[in-house]
1. How would you classify the range A:117-506 from its alpha-carbon gyration tensor, with a ≥ b ≥ c the square roots of the eigenvalues: rounded for a/c under 1.5, else prolate if a/b is greater than b/c, otherwise oblate?
2. Along the positive direction of the dipole of the protein assembly as shown (beta-carbon charges: Lys, Arg +1; Asp, Glu -1; about the Cα centre), which of B:T209, A:C87, A:L206 reaches farthest?
3. Take B:E253, B:E47 and order them by how many other Cβ atoms sit within 10 Å, fewest up front.
4. Would you give the gap between the C-alpha center of the range B:369-439 and the C-alpha center of the range B:506-543, rounded to a whole Å?
5. Once Lys and Arg get +1 and Asp and Glu get -1 on their Cβ, which of B:S459, B:Q433, B:S57 lies farthest toward the positive end of the dipole of chain B?
6. Could you work out [θ]222 nm for chain B from helices alone, using -39500 (n - 2.57) per DSSP H run of at least four and dividing by all its residues? Round to the nearest 500 deg cm²/dmol.
7. So if each residue of separation counts as 0.36 nm, and I subtract the Cα-Cα distance between A:E408 and A:K153, what length gain in nm does that give?
8. Can you sort B:K193, A:K195, A:K153, B:K72 by how many other beta carbons sit within 10 Å, fewest first?
Amino acid sequence: HTHIYTVEQVKLLDRFSNKSVTGTLHLTATHLIFVESNSTSAQEIWILHHHIASVEKLSLTTSGCPLLIQCRNFRLVHFVIPRERDCHDIYSSLLRLLRPVSYDELYAFSYNPKQNDQEREEGWQLIDLAAEFERMGVPCDQWQLTDVNREYKVCKTYPRDLYVPITASKPIIVGSSKFRSKGRFPVLTYFYQEKKAAVCRCSQPLSGFSARCLEDEHMLQAISKANHNSRYIYVMDTRPKLNALANRAAGKGYENEDNYSNIRFQFVGIENIHVMRGSLQKLLEVVGTRSLSMTDYLVGLENSGWLRHIKAIMDAAIFLAKAVTVEGASVLVHCSDGWDRTAQVCALGSLLMDPYYRTIKGFMVLIEKDWISFGHKFADRCDQLDPDPKEVSPIFTQFLECVWQLTEQFPQAFEFSEWFLIQIHEHVHSCQFGNFLGNSQRQREDLQLKERTYSLWAHLLSEKQNYLNPLFSPSVAESHPVLEPSTQAYHFKFWRNMYNQYDRSMHPRQSILKHVLTLQESKRELEGTVQALKTKLQKFGVSTSPLKPQTPPRERSLPPRPQSLILGAPLLSRKEVQQEEDKEVFGEEAREDAPASTGGERTVEGSSATENGYGELMGSFGSKNEPGVVTLEFGVARMTC
Amino acid sequence: MEFAELIKTPRVDGVVLHRPFMPTVEGTLCLTGHHLILSSRQDNTEELWLLHANIDSTEKRFVGSLGTIIVKCKDLRVIQLDIPGMEECLNIASSIEALSTLDSVSLMYPFFYRPLFEVIEDGWQLFVPEEAFKDLESMTDEWRLSEVNKDFSVCPSYPSLLTVPKDIDDESLCKAASFRHGGRFPVLSYYHKKNGMVMMRAAQPLTGTNGRRCKEDEKLINATLCAGKRGYIIDTRTIAVAQQAKARGGGFEQEANYPQWRRIHKAIERSNVLQESLIKLVEACNDQSHSMDRWLSKLEASNWQSNVKEILTTACLAAQCIDREGASVLVHGTEGTDSTLQVTSLAQIILDPACRTIRGFEALIEREWLQAGHPFHQRCAQSAYSNGKPRSEAPVFLLFLDCVWQILRQFPCSFQFNENFLIMLFEHAYASQFSTFLGNSVAERVKLLLSQKTVSLWSWVNRPQELERFLNPLYEPNNLVIWPSVAPQSLLLWEGVFLRWNRSTKCLDEAYQEMAHIIEYNKELQNKVNSLRRQLAQLETEDSPLQTP
């Protein structure tokens, strides 16, 4: 890391209380690093430049110049830098650094995890979409691989390998693609083998008020014919009807049921990227408010509309899954361009139908298929390069949240825990790995990502143990392969561990997940010890009874969990992490009197009364004009008479 | 009065029972003096036994001659009974109505209930004040047990034995009692062993509009302060409400008369407002509309979560004064029987690890709720489905349990009991075969001869067979003060109570079982390791003489 700048005596203010810590701020080519000066507790905060969404220099105060940094992973830091000059220098350097103008400047191209080329290549080969379609049972007698997009000539934003009905000839495909926005014609994304029903995706038709296209009609017919179980197919337009109507005026629109035989057309009503962006902004404003009252919280949650949008996506996915698994009908999903809402609904719907996507590896495959390969515009949506604020939108975040909402209803259905989802979210924005760079497969090939960057999936799999859900039960998945979540409004909850993930005082001080993971870890050790002791005993000629048979031991080992997840500490080296882990004993999070010198920051923070916002009691008695009444507010004692 | 008079039709055949998330059952409906029973008279089918006392309200409607009774229970369950025959249906409905609203306490089920188990440990003898005082005596000699209220004449809602400062004589106590609402003079609630600070509770002082004062009251509370130390008075009402109370003869401690005390006002709602809040919350939870905006706005409008936050915040403040500021605290509201007890009992859960064990929590409920005179009979007479104008019903105790659940959620390894224990207490506070929550005060319970005539809830709960399902598998004793977060994002809706009958919990229950299983297996392994180690050590010592030569 090349050091650019160091400023001493910088204050870091807590977002919700009046607390602050002093330390040194380092600016490097890739990170902004804050190191607390208190040598014993010495917390470090590492912020990747790509994570920074905005930097704001506030007006000068008596204690210095405040710098407010907002991150895409929902971290918000507030520094006060003693000298305005330093503040300005950091501010302008940051502005330059966080607006890379070419892909080459992204962290992924300089990040080197000390792997050789072979290891890197193996990382990229972990996920193989051809194998995934094979797993679904495709190609088969009704579906085939087409080479029509081998050169990205028919559709620039689709992958090369596409699966279509065998009766869809090339002229039909090409004709259909010309009648669809951005050439995104209907292709297969998931095949439900049990009922031979297909989930297909595309973009909106260029139907305007009356235009039609025989090839496109044939294409839908072909999809319908490929499924003998149902006479009709569903066409799900995931937009609100009003939006679809408005598109007609621009020569786009939706399918006219009179022109397509045997289709059942359905609007779903998921809002567009702009509404979603605004909604998240409102949500973050609410949950970032100091001294937030319960009323303002609930009213704000409602007004943001966030959970309403999450529920709309879930409702659509449930509709899709029901049509396929219960009715055995094939479904064609589209929105406008077919890369935002369509990706959400297809991916979530598949996850409801297929337990494989609820495993760690399967979830990676799902993201690779429905998001990366089908051209969800990660670069634009996550603001990687050349920012157009109107293109930024938390579409993928919403998908992750929908999955989290499902993990809450089905605690045993997923191989991974929410830490996995949070970590993926972290890296979608980090630009540290190549997977999410760019807007399409074609662009990724042009960038030679597989040669020049590393794959996130390999990295995540290498620390798989951190992301396991200890309660996962494959047998539950076998007996109930299709998830049928309830869509009662009260099942949708605010995802505190995502949107307030760095506000540690809000989190439970003892985590059940962590506790049970630790038990799994110690289980392995104990089993080893039992074995070793038995061997020793056998030397004395003692035979021992076998271990209780009713609990099949699961092979799991657990390296320490990364601190960056919910706890918000920087990623330390393995060794440091281990030490940190060792220090922590369960229950000690609650140690309110832990002297700052003994524990890491983790044991102390969030455990003192003052940080938890019941209010600080003001100093001593005996001042002359002592007010009669003290009202204690969140973090501040206010005096009134 | 004979129950038979109220039961016009004791039996109806062909009744269909509908319950959410369960198959319908057709069978015979029977009414007894205390139960509504529905049995299909087949093996392997669950019967319904519902205490009349658990019924909050009923609705009936007719389609032709088929009548339907909707029974809404105090535990928030709603069931539907389809009864053939209009007359039968009307008879059943009026009997249920009459039997579920019996006024006389002595006709309640606990007086008729005979346990099918042997009472090994009598719950009535478990938590006597003398025992608690012995513990206190081992820590400090500043306090004494007063018998001033032995015939309940000084304060009818207090128990006969009270812990008061050693230097205050009974005569002063009587004078202080006359200066406090309902005679509830300041008494010891909690002694913080770590620094010797105390929490006391009382009712509001009767200062009235002309600022009455009482030297004995001032002396009494000052006696709890160490030399040169100051204390905090936490008034659970807003200053405006406290001011208004003066007009009705109540009031608050004037700083001029209590110079060593600083008063802090909080805003815990009064009981009638809380009842409204519960009704609205339950209505929101039962709304089947699936609309997100509607749910959130109804949840907000109910104010329930705001009440939880306010109560927890006040309890944390009291705990903070004691533990962090090293100051003693006096807590009161108006009567000192509702919000006061919420605050003092929650503060103890935060401060005192003993209260987080099952026995300790039971003792806390005995001390701070039952003996402290929370009027359970009045407060729990009706629940969320009450139709009539609320009299003195209020979910004060339920709110306390909700707050405990919030702390439990944030410190899932620090409590010996689990959520089921809290839910069980909620159920039994509203309707029970046991008499622990009968009556409004110790005086009333003594008069009813409960300990002779009825069975205590604790006699049943503390049996190992029952206790098992209330134990928290994650529990690891934690001797620290636990400070919960009161940020709105940290406080959740208590689904285990409010959505209990509205959702299927199969997946959650199975996950819980799996977790318990993992923990259990780990313990077994640990035991195995220990026993093998012992075995090995033994062999090694036996062998050593052989090996040494």
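Here, each number is a calculation from the coordinates, and none is a lab measurement. Please read these numbers as outputs of a predicted model, since none were measured by experiment. Here Cβ is always computed from backbone atoms with ideal geometry, including for glycine, and neighbour counts include all displayed protein chains.
1. Details: a/c = 1.44, a/b = 1.28, b/c = 1.12.
Here the range A:117-506 falls in the rounded category.
2. A:L206
3. By the 10 Å Cβ count, ascending: B:E47, B:E253.
4. That distance is 37 Å.
5. Projecting each Cα onto the dipole axis, the largest value belongs to B:S57.
6. Helix contribution divided over all residues of chain B: -12000 deg cm²/dmol.
7. Result: 87.5 nm gained on full extension.
8. In increasing order of surrounding Cβ atoms, one gets A:K153, B:K193, A:K195, B:K72.
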